[in-house]
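See structure below.
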Amino acid sequence: MRLIASIHTFQIEVKRAFKFLLASRYFTFGFTVLLIFLTLGFILSPFAPYDPRRWGLVLKDLPLSLKHPLGTTTLGQDVFWLMTYSIKNSIILGMVTATFSIAIAMFMGFLAGYLGRKPSGDLINMVIDSFCIIPVLPVLLILSFVLRKYLNLVLIGLILSIFGWAWPAKQLRSIVLDIRERTFTRTAISSGLGMAKIFLREYMPFALPWLMMQFLELINWSIGMEATLGVFGLSTMEEATIGTTIYWAMNYQALFRGIWWWLASPVMIVVLFVISIYLVSISLSEYLNPRVRLSQMRKERET
Amino acid sequence: MLILAKYLIKRFIFFLLTIFIGITILFLISRLIPVNPIDLLMSKLSTQGAQITQEQFDSTKNTFMKLYGLDKTLSRQYLSFLQGLSTGDLGPSFSFFPKPVSELIYHSMPWSIGLLATVVLISWTVGNFIGCITGFFSQKKLSKVLEGMFLVLYPIPYIVMALLMVMLFIYFIPIFPYFGGAPIGITRAFSLKYFVGIIRHAFLPAISVILITMGSWFLSMRALTINIKTENFVEFAELRGLPRRKIMFGYVMRNCLLPQITGLALSVGVIFTGSLVTEYIFAYPGLGYLMYYALTNADLNLMTGIAFFAILAISTGTLFVELMLPLVDPRIRYGE
């Protein structure tokens, strides 16, 4: 009975959230674009008439037409189907990176928050800060250079997580530091709850919305980093990804030979993708901010 | 005074810790990889057409092992790695053999640092200034338009922004030169022509990083301002009848600047990553371009050197920003 009741309240909560969120233009735009991309990547891509990873299946350098909506490349790939594969791989990579990074961030962030302002807590905080300011790109480039024979999507995700966890961990630490001082923590401690249980039952509900936003931001970051690694020729070459597409387009001087659609398609897709994820994430944060929600509810009551 | 001293010591420990973590990561990568850097070098030598027998191969390999100190134990290697770095000796480059890595980096460093410093200064100042004003008048139409613009610009990855700029202003509307950091055919001199040439070459790389970074300063400053302007002390200042400009800059902006400076200290590294990528796309002769050269030539020593200097430069920059903080924040100077 309790389960059904909680599912019911969850449904009501989700409905209310959507009602609030769809009122904002930013969210509606971002959400629609994301839905389109998800459809392209996961539902449409298995129906590709030509395998985009193989070369020479279609005529070279064709401009946009009905048969090839985004033209073809010098390597004889259809750009549209190449893009559907790339979107799918970008989403998978983002998920892998975000999951691993958040897992490390949760451990480090909670630990730093739990130790608080003790010297050991300060030290962990400094380590987190160090990982924030170390220039990521040279280190990541070296790492993927020496591992380039073994690179695949999951490995790239793991490599990216080495640095991806630092910013979320920093946020999590400040959240934990904040809620540690509240009375309910004291109540929980004095009623004999173990530390792990306090984290999971008392702190997680506060931290979860922030982690969700960080998850989306990490997906954005990993898409950008994959494109960056790809441009340096260090993304996975067997798969069709955004970075690999840009790499070959630049390698064959696509722009200066007038085949602009080869470079423009991946660039525009990344732009649309990251902007819509960002818009969804800031709308969510607005929804999760109690001040904004209160004023919204007041407005609803007045009208 | 005691609190200030404590702050300074803490920052200095942080500075050393960052460098230490960076160096350790670099060492681990370069030593615990499945590929031996000497094998890389040897295979490169043989692809260049050097005809050598097995004995010569082995003796060359041993010489290189000794030269790079790979025949010692791991802990000894780590110590000599640290020792070498502390004296600025990074060993010879594989691809420009026997030119030392530090000399190559020494030539590219000024371009990168110059670009980074310009970008950080412009984006931080302008972003915060506009952010504060638009946050103060958050209901005005222009303020909302600006917010929408930066909301769209801010999440774009640096590399994609750079490619976008190349497509727009070099291919579709060709108004900017593409290659290099200075015009070709003019000698380096303090002439107006040379100076204008440098600005024209640096403009697109700089602007593509500035637009994104400025977005992040603008958005956080705007949010902070909107938050702070409802505080009691601002209302009190209004009731006292202070001029609006004084409230905006003396009351609201001053309070918002503190988190922005801490934010700057933490994000110099991220901006540096962005400017490296941009340098490569625009063939700007900085560390990013050198990094690309090292990658295409499998020059692991040069790569490690660049990464080390990047870490050193960024942590120094961070330390510099953090030492500025006591000048702005009286709480650090006198204690709470």
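The values are calculated or read from the model by the stated rules, or taken from the named source; none is laboratory data. Only a predicted model underlies this, so the values are computations on that prediction, with no experimental measurement involved. Virtual Cβ from ideal backbone geometry, glycine too; neighbours counted across all protein chains shown.
Write out, first by first residue and then by second, each pair whose Cβ atoms fall under 7 Å of each other, whose residues are 6+ apart or on separate chains, and whose first residue, in region A:100-125, is surrounded by 15 or more Cβ atoms within 10 Å (Cβ to Cβ) while the second is outside any helix (DSSP H, G or I). Pairs found: A:SER101/A:TRP165; A:ILE104/A:TRP165; A:ALA105/A:TRP165; A:MET108/A:TRP165.
Close contacts from region A:130-159, counting a first residue that is modelled with pLDDT under 90 and a second that is of a type in the set (D, E, K, R) and in a loop (DSSP other than H, G, I, E, B), with Cβ to Cβ under 7 Å and a gap of 6+ residues or different chains, come to A:LEU153/A:GLU239.
Conditions (1) at pLDDT below 85; (2) more than 21 Å from the chain's Cα centre (by Cα); (3) basic (Lys, Arg), marked per residue:
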{"residue": "A:MET1", "(1), (2), (3)": "yes, yes, no"}
{"residue": "A:LYS15", "(1), (2), (3)": "yes, yes, yes"}
{"residue": "A:PHE31", "(1), (2), (3)": "no, no, no"}
{"residue": "A:PRO52", "(1), (2), (3)": "yes, yes, no"}
{"residue": "A:TRP55", "(1), (2), (3)": "yes, yes, no"}
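Each row is one residue, and each column tells you yes or no for (1) touching a helix residue (DSSP H, G or I) at 6+ places or on another chain (Cβ under 7 Å); (2) of a type in the set (Asp, Glu).
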residue: B:LEU211; (1), (2): yes, no
residue: B:PRO243; (1), (2): no, no
residue: B:MET248; (1), (2): yes, no
residue: B:ASN255; (1), (2): yes, no
residue: B:PRO259; (1), (2): yes, no
residue: B:GLY269; (1), (2): yes, no
residue: B:TYR284; (1), (2): yes, no
residue: B:TYR289; (1), (2): yes, no
residue: B:ASP299; (1), (2): no, yes
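Determine, yes or no, whether A:GLY76 is under 30 Å from B:TYR280 (Cβ atoms) and free of Cβ contacts under 8 Å to residues at least 40 places away in the same chain. Answer is yes for this residue. Considering region A:238-256, the residues that are of a type outside the set (Val, Ile, Thr) and touching a residue at least 60 places away in the same chain (Cβ under 8 Å) include one that is surrounded by the most Cβ atoms within 10 Å (Cβ to Cβ), namely A:ALA249. Across region B:287-323, the number of residues qualifying as within 19 Å of B:LEU16 (Cβ to Cβ) and in contact (Cβ under 8 Å) with a residue 40 or more places away in the chain comes to 15.
Considering A:ALA103, A:ALA112, A:ALA98, the condition of being in contact with a Gly (Cβ under 7 Å, 6 or more places away or on another chain), small (Gly, Ala, Ser) and part of a helix (DSSP H, G or I) is satisfied by A:ALA112 alone. Applying a threshold of 9 Å to beta carbon distances and a minimum spacing of six or more residues, or different chains, the list of pairs starting in region B:145-170 at a residue that is more than 7 Å from chain A (Cβ to nearest Cβ) and ending at one that is basic (Lys, Arg) reads B:LEU146/B:ARG222; B:GLU147/B:ARG222; B:PHE150/B:ARG222. If you filter region B:250-308 down to residues that are part of a helix (DSSP H, G or I), more than 10 Å from chain A (Cβ to nearest Cβ) and among the aromatic types (Phe, Trp, Tyr), you find that the one that is surrounded by the most Cβ atoms within 10 Å (Cβ to Cβ) is B:TYR289.
Residues that are modelled with pLDDT of 90 or more and either touching a strand residue (DSSP E or B) at 6+ places or on another chain (Cβ under 9 Å) or under 30 Å from A:TRP55 (Cα atoms) (or both): does region A:211-219 have at least one? Yes, region A:211-219 contains at least one residue that is modelled with pLDDT of 90 or more and either touching a strand residue (DSSP E or B) at 6+ places or on another chain (Cβ under 9 Å) or under 30 Å from A:TRP55 (Cα atoms) (or both). Taking residues in region B:225-241 that are closer than 19 Å to B:ILE130 by Cα, and partners anywhere that are small (Gly, Ala, Ser) and assigned to a helix (DSSP H, G or I), the pairs with Cβ atoms closer than 9 Å and at least 6 places apart or on different chains are B:THR225/B:GLY131; B:THR225/B:GLY135; B:ILE226/B:GLY135; B:ASN227/B:GLY135; B:ILE228/B:GLY135; B:LYS229/B:GLY135.
Going residue by residue through region A:120-136, is there one that turns out to be polar (S, T, N, Q) and touching a helix residue (DSSP H, G or I) at 6+ places or on another chain (Cβ under 8 Å)? Yes, region A:120-136 has at least one match. Counting only helices (runs of 4 or more DSSP H) that sit completely within region A:152-232, those holding 1 or more residues that are under 18 Å from the mean Cα position of the chain (by Cα) correspond to A:153-164, A:166-180, A:204-231.
The rows are residues; the columns are (1) modelled with pLDDT of 90 or more; (2) within 12 Å of chain B (Cβ to nearest Cβ); (3) in a helix (DSSP H, G or I).
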site	(1), (2), (3)
A:GLU238	no, no, no
A:GLY258	no, yes, no
A:ALA264	yes, yes, yes
A:MET268	yes, yes, yes
A:VAL274	yes, yes, yes
A:GLU286	no, yes, yes
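Restricting region B:9-34 to residues that are more than 9 Å from chain A (Cβ to nearest Cβ) and over 23 Å from the mean Cα position of the chain (by Cα) leaves a set whose member that is modelled with the lowest pLDDT is B:LEU32.
Taking the numbered list (1) more than 9 Å from chain B (Cβ to nearest Cβ); (2) outside any helix (DSSP H, G or I) in turn, A:THR244 passes all entries but (2).
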